[in-house]
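Below you'll find the structure, written out as structure tokens, and then a few comments.
The values are calculated or read from the model by the stated rules, or taken from the named source; none is laboratory data. Here the structure is a predicted model, which means the values were calculated and not measured. Every residue, glycine as well, gets a Cβ built from its backbone with ideal geometry; the counts of neighbours run over all protein chains shown.
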Amino acid sequence: MSERLSREKSYTFDDWLKMDHNENIELIEGSIYMMSEPSRRHQKVARELTVELGNFLRGKKCWLYYDPFMVRLNKKTVVHPDISVICDTNKLNDRGCVGAPDLIIEILSPSNAGHDIFTKYNQYLMAGVKEYWIVDPYKNTVTVYILQNNDYQVQLYSEEDILPVSVLPDCRINLKIIFEKEE
């Protein structure tokens, strides 16, 4: 669950660094949001996406990271996407990524849906994230936003589709594998 804390204070990246367990805390435009534990279904979908993308990226010049992984979009915004792909290694440091990753994937949980769909969407658009996915593990859909002319173009995919990854030419994700039900 995302929960906004102390509306009276605007936090900075330095404040965020001093917080205990900051891998569970996001900073968005100076406001603090606590993140909840992901569900088992969320974890299963995240694992499958990580495996598929990781296998594709093996030996290539882009890097895949998964939560907890710090992405600092600006001085007052630090997020922990479920999955990030960064192709510009100059954006990487020991703490994480400084700047916009090429691809960000957020997997919805009932408690964080609004945060990912609205709040983070706007942050990722303003930061220039080239491709942003919102994965709904309960409806078995992926909403893909591709940055074109400073705005996102949207496409919706279901579990019957093979999803082309625009920032990774020749990468295609079979969503039937991603959304396969556990026995």
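The set of residues from segment 136-183 being within 22 Å of Phe56 (Cα to Cα) and among the aromatic types (Phe, Trp, Tyr) comprises Tyr145, Tyr157, Phe179. Does Asn122 satisfy the condition of being surrounded by fewer than 17 Cβ atoms within 10 Å (Cβ to Cβ) and more than 14 Å from the chain's Cα centre (by Cα)? The answer is no for Asn122. All told, Lys139 falls short of being at pLDDT 95 or above, of a type in the set (Lys, Arg) and closer than 23 Å to Glu29 by Cβ. Taken over segment 23-52, residues that are surrounded by fewer than 18 Cβ atoms within 10 Å (Cβ to Cβ), under 18 Å from Phe118 (Cα atoms) and among the acidic types (Asp, Glu) amount to 1. Of the strands (runs of 3 or more DSSP E) contained entirely in segment 54-117, those carrying at least 1 residues that are β-branched (Val, Ile, Thr) and crowded, with 22+ Cβ neighbours inside 10 Å fall at 70-74, 77-79, 83-86, 103-107.
Evaluated against (1) in contact with a Gly (Cβ under 6 Å, 6 or more places away or on another chain); (2) more than 30 Å from Lys176 (Cβ to Cβ), Ile25 falls short on exactly one condition, (1). Condition test on Glu8, is it modelled with pLDDT under 85, surrounded by fewer than 14 Cβ atoms within 10 Å (Cβ to Cβ) and out of contact with any Cys (no Cβ under 7 Å at 6 or more places or on another chain)? Answer is yes for this residue. Go through the residues of segment 84-91 one by one and say whether even a single one is closer than 24 Å to Leu125 by Cβ, free of Cβ contacts under 8 Å to residues at least 12 places away in the same chain and out of contact with any Pro (no Cβ under 7 Å at 6 or more places or on another chain). The answer is yes; a qualifying residue exists. The residue that is nearest to Ala113 (Cα to Cα), counting only those in segment 125-166 that are of a type in the set (Val, Ile, Thr) and out of contact with any Leu (no Cβ under 8 Å at 6 or more places or on another chain), is Val154. Restricting attention to segment 11-53 and to residues that are part of a helix (DSSP H, G or I) and of a type in the set (S, T, N, Q), the residue that is modelled with the lowest pLDDT turns out to be Asn22. The C-beta contact set for segment 117-146 (first residue farther than 17 Å from Ala100 by Cβ, second residue of a type in the set (S, T, N, Q) and modelled with pLDDT of 95 or more, distance under 7 angstrom, 6+ apart or interchain) comprises Asn140/Ser158; Thr141/Ser158. Pairs are defined by a Cβ separation below 8 Å, a sequence spacing of at least 6 or placement on different chains, a first member in segment 44-59 that is on the phi < 0 side of the Ramachandran plot and polar (S, T, N, Q), and a second member that is at pLDDT 95 or above and buried (at least 18 other Cβ atoms within 10 Å of the Cβ); the pairs so defined are Thr50/Leu64; Thr50/Ile83.
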